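Laboratory data are not the source of any read-out in this text; all were calculated from the coordinates shown. Keep in mind that what you see is a predicted model, and the values were worked out from it rather than measured. All Cβ positions, glycine included, derive from the backbone under ideal geometry; neighbour counts span all protein chains shown.
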Amino acid sequence: MNERRTIISVRDAVKRFGGVTAVDHVSIDIAEGEFFALLGPSGCGKTTLLRMIAGFEVPSSGQVLIDSQDMADVAPNRRPVNMVFQSYAVFPHMTVFDNVGYGLKVTSTPKIEIRERVMEALALVQMEAFAARKPDQLSGGQRQRVALARALVKRPKVLLLDEPLSALDAKLREAMQLELVKLQATVGITFVIVTHDQDEALSMADRIAVLENGRVRQIASPVDLYEYPCSRFVADFIGKMNVFEARANGFANDSLTIDVDGLGSLNVPHPERAAGALSVAVRPEKMRLLTPGEDRDGLFAVPVTIRNIAYHGSESHVFAVTESGLEVSATIPNRSRDHMRLAAGDAATIGWRPADTLVLVE
Amino acid sequence: MGMRRRRDGIGPLEYTRRAWMRLILLATFVFLYAPIVTLVAFSFNDSRRNIVWRGFTLEYYEKAFNNAGLIEAFVNSLTIAFFSTVVSTVLGALVALKLWRFRFPGKAPYEGAMTLPIVIPEICMGVAMLAFFSRIGWPSGLTWPFNLGAITIAHISFSFPFVAVVVRARLANFNREQEEAARDLGATEWQVFRDIMIPYMKPGLVAGALLAFTLSLDDFVITFFTSGPDTVTFPVKVYSMVRFSVTPEVNAASTILIAITLVLTTIALVLQNRRTTD
């Protein structure tokens with residue numbers, strides 16, 4: 001992959017509101033052309049960070065650089081970035097055309113050029129037919145497209161999106177996810193989105209920064225974030241996780257021997273030595289339900305009693321408990337129509353590949 | 001209200017459906033509006049003394065329209081109301097914006113001071129104005145319309161807080177992200193104000209202006225203290241007519257004033273209620 005240059009550089013940024021530190025020494029580099037996501041629970045500082053890039057919040061300390069230029073003292077109306085707000089903030093008293101053209105009008109663009117660029121932007125979001133309509137005649141999804149066109153018509157270096165899909169219904173949300181990715185590829189600029197929905201982030205972004213309480217916990221690609229979370233918080237936040245307390249018990253041939261409390265001992269491939277108490281975590285979809293007598297085949301297997309099975313159409317969520325009282329959840333795809341033959345109260349065996357075990361030292 | 005089904009369906013809190021409540025409400029409305037209704041009704045009375053109803057006529061409306069003093073007073077009222085409205089609306093809007101947007105030391109006392117003219121007894125305000133103008137030696141005997149200056153200033157003083165309240169209510173529902181969006185797109189603060197905020201405030205501004213207009217047009221107490229023999233307004237003229245003789249002409253003049261006020265107030269209310277569609 002080519003070395004892409006850094007378009008946004010946040011360096012040790014801090015933002016305090018009175019006694020509350022919303023952004024706590026955050027440093028992030030975003031590459032040109034990337035689809036970058038800021039992900040985290042409510043109150044983690046992701047929106048504040050986005051607003052600092054846009055210029056609506058001034059950092060208490062630290063720097064924000066856009067295209068290698070320090071943005072200190074640069075007002076939001078003079079920055080080469082544009083934002084799509086969570087409420088879309090489409091101007092209610094202007095037509096769609098005037099809305100999209102507003103950014104060009106206030107910077108004294110000639111009328112002919114405005115017309116050209118507005119129709120071009122509307123074409124990008126398939127809203128040309130709505131140019132003469134007023135926002136109160138549009139649906140939520142249509143208003144969002146207007147907000148998108150309005151920002152993109154300015155040809156910014158970076159497009160910032162604050163929770164772009166949170167106000168849409170589930171079906172529209174998935175369609176918009178794909179559309180945004182396609183749009184980004186078409187326009188070719190950097191997109192930075194803020195979201196609390198990990199599904200969104202995982203499916204759309206090239207890289208994700210997970211934030212908690214104003215600090216960056218991990219920055220990685222969706223696959224790396226999901227399969228190799230570096231901390232318990234990230235592991236828990238992204239997707240579901242089975243977590244067990246354990247203890248390291250030896251290290252040989254790049255493989256850590258771990259005693260899992262109440263379950264037994266297994267060897268997990270691990271790059272370095274570890275000692276003492278730690279946690280191991282396994283994703284529910286990595287679990288397999290073994291029928292009695294079925295060959296273990298190298299899986300780490302545990303006898304359980306099934307407590308509850310939640311049917312979700314394409315998959316079933318199995319909640320079971322071991323002899324030692326530990327809870328295990330497994331997500332089993334319903335591969336055939338009568339695949340799930342077990343029921344609550346049955347005895348079963350759950351197993352997983354040791355290589356799919358995550359070792360969390362922290 | 002048949003007795004077939006014993007109070008079926010009237011909930012414990014539905015007071016307005018109970019007979020005794022309705023009676024009380026009716027009595028209240030009659031008590032409040034009977035004098036006004038009588039006033040309007042008797043403006044059509046064909047009787048000079050206007051004590052007993054004698055017949056329908058528009059004669060006194062004709063007399064009112066031909067009364068030079070009344071017309072002059074009406075023109076004065078309109079002029080004062082016009083200038084008072086313009087200045088009050090601007091001032092009131094600015095106060096509303098300041099209180100909505102900014103935090104500053106002394107904001108609470110400032111807010112209190114701005115609301116003072118609404119709560120202060122009109123008599124106090126009137127006397128204060130009179131004392132003030134004579135103390136600073138406000139020139140008298142100016143030509144029209146400058147001789148209406150004192151009254152206009154007094155009207156502005158008690159009108160702009162009402163405009164401020166109305167505009168502030170409108171601003172309370174404003175989505176600040178629109179302001180930020182405009183900035184983000186490249187607008188300067190002035191452009192944001194002109195292109196986004198003023199269009200949004202418009203219903204509030206119009207409602208506030210209409211309110212200021214009716215307040216000015218109808219005012220008696222404060223105007224009485226600040227007017228002179230050559231600067232008579234409509235309500236003051238009606239008052240002097242009453243002291244002179246109570247013919248239906250007075251009723252006619254009053255009814256005209258009530259009608260104008262009603263129309264303007266209704267328009268103001270309709271406009272204010274339109275804010276829910278934005």
Tell me the net charge near A:A209. Cut-off is 13 Å between Cβ atoms, A:A209 excluded, with +1 for each Lys or Arg and -1 for each Asp or Glu.
-1
Skipping prolines and chain starts, which residues have an amide H placed within reach, meaning under 5 Å, of the one on A:I7, given they are 5 or more residues away or on another chain?
A:I30, A:A31, A:E32
Once you average over the residues of A:94-102, how many Cβ atoms of partner chains fall within 10 Å of each Cβ?
2
Angle in degrees between helix A:96-105 and the longest Cα principal axis of chain A, rounded to the nearest 10
70
HN-Hα couplings for segment A:166-176 via Karplus (6.51, -1.76, 1.60; θ = phi - 60°), in whole Hz with x for Gly/Pro, come out as 5, 8, 9, 6, 3, 5, 5, 4, 5, 4, 5
Once phi is turned into θ = phi - 60°, what whole-Hz ³J(HN,Hα) does the Karplus curve with 6.51, -1.76 and 1.60 give for every residue of segment A:314-319, x standing for Gly and Pro?
6, 8, 10, 9, 9, 10
Which translational diffusion coefficient, to the nearest whole µm²/s, is obtained for the protein assembly as shown from the Stokes-Einstein equation, given a Kirkwood hydrodynamic radius over C-alpha pairs, 25 °C and 0.890 mPa s?
77
Length gain on complete extension for the stretch A:S61 to A:H25, per 0.36 nm per residue less the alpha carbon to alpha carbon distance?
12.1 nm
Taking the Cα centre as origin and putting +1 on Lys and Arg beta-carbons and -1 on Asp and Glu beta-carbons, what dipole magnitude results for chain B, to the nearest 20 debye?
1120
Kirkwood-based Rg over Rh for segment B:61-274 (C-alpha set), two decimals?
1.04
Per q in 0.14, 0.19, 0.25, 0.27 Å⁻¹, report the Debye log10 I(q)/I(0) for segment B:26-68, using one uniform scatterer on each alpha carbon and no solvent.
-0.41, -0.64, -0.85, -0.91
For A:148-160, what's the mean count of beta carbons from other chains sitting within 10 Å of each residue's beta carbon?
1
Taking all pairs of distinct alpha-carbon atoms in chain A, Kirkwood radius in angstrom
23.3
What are the semi-axes of the equivalent ellipsoid of segment B:47-142, taken as the square roots of 5 times the eigenvalues of the Cα gyration tensor, listed largest first and rounded to whole Å?
41, 19, 16
Any idea how far the Cα center of segment A:1-71 sits from the one of segment A:189-256, in Å?
19
Compute the distance in nm between two label points, each set 7 Å from the Cα along the Cα-to-Cβ direction, one at B:V30 and one at A:S203.
6.8
Using the basic label-point model (7 angstrom from Cα toward the beta carbon), what is the B:L78 to A:A347 distance in nanometres?
10.1
When the dipole is taken about the Cα centre of the protein assembly as shown, and only Lys, Arg (+1) and Asp, Glu (-1) are charged at their Cβ, what size is it in debye, to the nearest 20?
2500
Which order do the peptides A:120-126, A:156-162 come out in when sorted by mean C-beta neighbours inside 10 angstrom, highest first?
A:156-162, A:120-126
Give me the inter-chain shielding for B:185-196: mean count of other chain Cβ atoms within 10 Å, whole number please.
6
If the viscosity is 1.306 mPa s and the temperature 10 °C, what translational diffusion coefficient in µm²/s does Stokes-Einstein give for segment A:171-256 when Rh comes from Kirkwood over Cα pairs?
105
With runs of 4+ DSSP H residues as the only contributors, calculate the mean residue ellipticity of chain A at 222 nm using -39,500 (n - 2.57) per run, divided by the residue total and rounded to the nearest 500.
-7000 deg cm²/dmol
Which of the DSSP-defined H helices in chain B satisfy a minimum axial length of 20 Å, computed from C-alpha atoms, and a minimum mean Kyte-Doolittle hydropathy of 1.6?
B:19-42
Please list, ordered by chain and number, the residues whose modelled amide H lies under 5 Å from the amide H of A:R133; skip anything fewer than 5 residues away on the same chain.
A:V96, A:F97
Report, in whole Å, the centroid distance computed from the Cα atoms of segment B:168-224 and segment A:115-185.
30
Please express the shape of segment B:1-87 as an equivalent ellipsoid: the semi-axes are the square roots of 5 times the eigenvalues of the C-alpha gyration tensor, given largest first in whole angstrom.
45, 23, 9
Non-local residues with an amide H under 5 Å from the amide H of A:Q218, with H modelled 1.01 Å from N and Pro and chain starts lacking one, are A:V210
Whole-Hz Karplus ³J(HN,Hα) for segment A:289-300, in order, using 6.51 cos²θ - 1.76 cosθ + 1.60 and θ = phi - 60°, x for Gly and Pro?
8, 9, 7, x, x, 5, 5, 5, 6, x, 7, 7
